[in-house]
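The values are calculated or read from the model by the stated rules, or taken from the named source; none is laboratory data. Just so it is clear, the structure is predicted and the values come from calculations on it, not from any experiment. Note: ideal-geometry Cβ built from the backbone for every residue, glycine included; neighbour counts use all protein chains shown. Keep in mind that these areas ignore ligands, DNA and RNA; they rest on the heavy atoms of the full protein, side chains included. Shrake-Rupley method; radii C 1.70, N 1.55, O 1.52, S 1.80 Å.
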Protein chains: 2
Amino acid sequence: MKTHLDCIPCFFRQALEAVRQADPDPAAHERLMRELLTVVRDMDLRETPPQMGQRIHRKIRELTGDVDPYRVIKGQFNRVALELYPSLVQRIEASDDPFETAVRLAIAGNSIDLAAYSGMTASAVTGIIEDASHKPITGSIDELRDAINRSGNILYLGDNAGEIVFDRLLIEQLPRERITFAVRGRPVLNDATLADAEAVGLTELVDVIDNGSDVPGTILEDCSPVFRDRFARADLIIAKGMGNYETLSGMDGAPIVFLLIAKCPIVARDLGCDLGTYVIRCGREKIQEESEDC
Amino acid sequence: MKTHLDCIPCFFRQALEAVRQADPDPAAHERLMRELLTVVRDMDLRETPPQMGQRIHRKIRELTGDVDPYRVIKGQFNRVALELYPSLVQRIEASDDPFETAVRLAIAGNSIDLAAYSGMTASAVTGIIEDASHKPITGSIDELRDAINRSGNILYLGDNAGEIVFDRLLIEQLPRERITFAVRGRPVLNDATLADAEAVGLTELVDVIDNGSDVPGTILEDCSPVFRDRFARADLIIAKGMGNYETLSGMDGAPIVFLLIAKCPIVARDLGCDLGTYVIRCGREKIQEESEDC
């Protein structure tokens, strides 16, 4: 998905919130904003929004000298989600359709997103879970189920810290031996890295790799050869969150299913759904050609 | 009030909405946004936000070749407000305290603001009026009443088209011979100019002057000598709206009373009130020294 002019105000809102969280010095905030004004002015709108996210967060890390300004907040979200984990496992096991419940919770977990929701707090997470059971979904859970059943290698692209506990709930409903879970290669915003996958127990459950990149999404050219190889060989790619959707939705032929909440009006418009909708969206041709039911 | 870093995303949101309203060509939208990225990068944050508004709207008029891109929308708001006018006069006359009712309606009219509210539609105006009677006000209606009673020359600074019909309701409760009503000197956003004052009948009621400037606020250095003279000689200045507050609130010694709705979080913080509050705020020293009760 290309960058829209509407993304410009949002870049500056995100950057300001991010730098304020990373550094208490107002002079640093002004310096970042002025530098970004040049960066955004010179950007190519055919690029996807997460590519600007990469630049913004590189600048923040450069200015603050902190390679991971969101370390604390990521730890917090992982802990909050882990505290909820036992009750969520019970809820899944007690439900009529554990797969559907797990899918809904995995999508609900996508609410833990500092890029889209500035007011996101740990306590808000519990409220979000209550939404999970009844929120309308655009896309078919059964088609996702069939696509998973039919696929050999499944690559699951994670999104944010905290959220990956919800991904773990879904992965526990899948044939684990066929799953590879991928995280970002380096810290960017509150996106999950290998440290987060370890912290929430994902590394004990499935094969976890990092993608070698610090884009808050998946730009293959920016990813490691190992990741690109896994991506190319995957029979099914489950891609979580807006950043992965924005960067991969234009890719013809990849067997991708996107799971996300449409948290911004531009992404919602691109998906053809209302803001806040839970989305299961199959990537174009390849899945349809191969399975004809997703 | 100086410009805050939080104003930066808002400048771009406003500019994009404004240029889309003024010109259907997406290439013009992108050109404006890229040009503004340079303008905002080089701005002095000690300037007030309406000074950036002036630059944004000059660029839009330059790009579109239209000296008044909001002509149609301003006419619309004037007409909607004029249709409501007879019933609002009745409401004021039937009320226990016609002055208070008129003040509340004048403040309510400040909702007609395309800078703060992008979704503002004509039909929304009627809803706003219903709020007028019960919204909490910060500041004292009685102190405003006393200040008016004690003042000889009163200069009333208007804000937006449509809104000035609500100002007319208040002016009809005041000693008209003492009132001068001022509008912007040239079109900018949906701010009222002389044409709007004529359209809503204000010119038949009181002396109306324009301030000679196209700032969506009041920067004295940018105003005409005639306006500056009236400003200096006024015993009381009633200044409507956020733009006038942002540009005049830092002025020591001027006998100003601001009437507005706090429509943005930064202005609300500056005023020390909640977002959406109806505000009657006396400008500092001079009024207090002279009247000691405002």
The ³J(HN,Hα) series, computed from each phi in region A:71-81 with the Karplus coefficients 6.51, -1.76 and 1.60 at θ = phi - 60°, rounded to the nearest Hz and given as x for glycine or proline, is 3, 5, 5, 5, x, 4, 5, 4, 5, 4, 5
Within chain B, pairs of Lys residues whose Cα atoms are less than 26 angstrom apart, provided they are eight or more positions apart or on distinct chains, add up to 14
5 Å is the cut-off here: which amide hydrogens, built 1.01 Å from N in the peptide plane, fall below it relative to B:ASN160, excluding neighbours closer than 5 in sequence?
B:ALA192
Let me check I have the definition right: for region B:71-291, take the eigenvalues of the Cα gyration tensor, multiply each by 5, take square roots. What are those semi-axes in whole Å, largest first?
22, 20, 18
Tail fraction, Cα-Cα pairs, region B:7-64, threshold 12 Å, whole percent:
62 percent
Most fluctuating of B:THR38, B:THR277, B:THR48 in the GNM of chain B (C-alpha, under 10 Å) is B:THR38
Any residues in region B:4-33 that have 50 Å² or more less accessible area with all protein chains than in their chain alone, probe 1.4 Å, and which are they?
B:LEU5, B:PRO9
In whole Hz, what ³J(HN,Hα) sequence does region A:195-212 give by Karplus (6.51, -1.76, 1.60; θ = phi - 60°), x for Gly and Pro?
4, 6, 4, 5, 4, 9, x, 5, 5, 7, 9, 9, 6, 10, 10, 9, 8, x
In square angstrom and rounded to 100, what buried accessible area do you get between chains A and B, total over both, with the probe at 1.4 Å?
1700 Å²
Inter-copy label distances at B:LEU82, 7 Å along the Cα→beta-carbon direction, one decimal in nm, shortest first?
6.8
With the full set of protein chains in place, find how many percent of the accessible area of region B:1-112 is carbon and sulfur; take the probe as 1.4 Å.
51 percent
Collect residues whose amide H, placed 1.01 Å from N in the peptide plane, falls under 5 Å from the amide H of B:ILE256; neighbours closer than 5 in sequence don't count.
B:ILE237, B:GLY283, B:ILE287
In whole percent, what relative contact order does chain A give with Cα contacts below 8 Å and a gap of six or more residues?
20 percent
To the nearest 10 degrees, how steep is helix B:98-108 against the longest Cα principal axis of chain B, on a 0 to 90 scale?
10 degrees
In a Debye calculation with equal point scatterers on the alpha-carbon sites of the protein assembly as shown and no solvent, what is log10 I(q)/I(0) at q = 0.11 Å⁻¹?
-1.00
State the Cα centre-to-centre distance between region B:34-82 and region A:30-85 in whole Å.
31 Å
For region B:214-223, Karplus-derived ³J(HN,Hα) couplings (6.51, -1.76, 1.60; θ = phi - 60°; whole Hz; x for glycine and proline) come out as 10, 7, x, x, 10, 9, 3, 4, 8, 8
